[in-house]
1. So PRO59 fits all but one of (1) modelled with pLDDT under 90; (2) touching a Gly at 6+ places or on another chain (Cβ under 9 Å); (3) not acidic (Asp, Glu); what number is the exception?
2. Identify all residues within segment 8-44 that are within 26 Å of GLU70 (Cα to Cα), loosely packed, with under 13 Cβ neighbours inside 10 Å and either hydrophobic (A, V, I, L, M, F, W, C) or touching a helix residue (DSSP H, G or I) at 6+ places or on another chain (Cβ under 9 Å) (or both); write none if there are none.
3. Considering only segment 45-69, state which residues are exposed (fewer than 11 other Cβ atoms within 10 Å of the Cβ) and of a type in the set (Gly, Ala, Ser).
4. Within segment 1-28, track down each residue that is acidic (Asp, Glu) and modelled with pLDDT of 95 or more.
5. Which members of segment 18-72 meet the condition of being basic (Lys, Arg) and either free of Cβ contacts under 8 Å to residues at least 24 places away in the same chain or assigned to a loop (DSSP other than H, G, I, E, B) (or both)?
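The values are calculated or read from the model by the stated rules, or taken from the named source; none is laboratory data. Quantities reported herein were computed from a predicted structural model and do not represent experimental measurements. FYI the Cβ positions are ideal-geometry reconstructions off the backbone, even for glycines, and counts take in every protein chain you see.
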Amino acid sequence: MENVLISGMYPRESKLDFIKLNLNIKVDDFAKFLIEHKEYFEQNEGWLNVDILASKKDPSKLYAKFTKREKKEEVKAASHMPDRDRLVNTVDDDLPY
């Protein structure tokens, strides 16, 4: 896993109660960011999941990041017990039920 700060995205707390967050995006910087990480987004089916965090030093300062996660290989049932066919075929026919 790798945490990456998002260039061009600047979250701010809203002054209004019914608005949770203001998200300011500097389009040029954000577009460059998207192009830099295009390969990752393609692997992630086009998705970018953003986390909005508060600074430890000043909780009123917010910032945006995303976490690059390595895609796990899909586990199939056959890989859990690869010798299952061999075991099923060796069961005795004299089962009591």
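1. Going through (1) modelled with pLDDT under 90; (2) touching a Gly at 6+ places or on another chain (Cβ under 9 Å); (3) not acidic (Asp, Glu) one by one, PRO59 breaks only (2).
2. ILE35
3. Selection gives GLY46, SER55, SER60.
4. Listed by number, the list holds a single entry, ASP28.
5. Selection gives LYS20, LYS26, LYS38, LYS56, LYS57, LYS61, ARG69, LYS71, LYS72.
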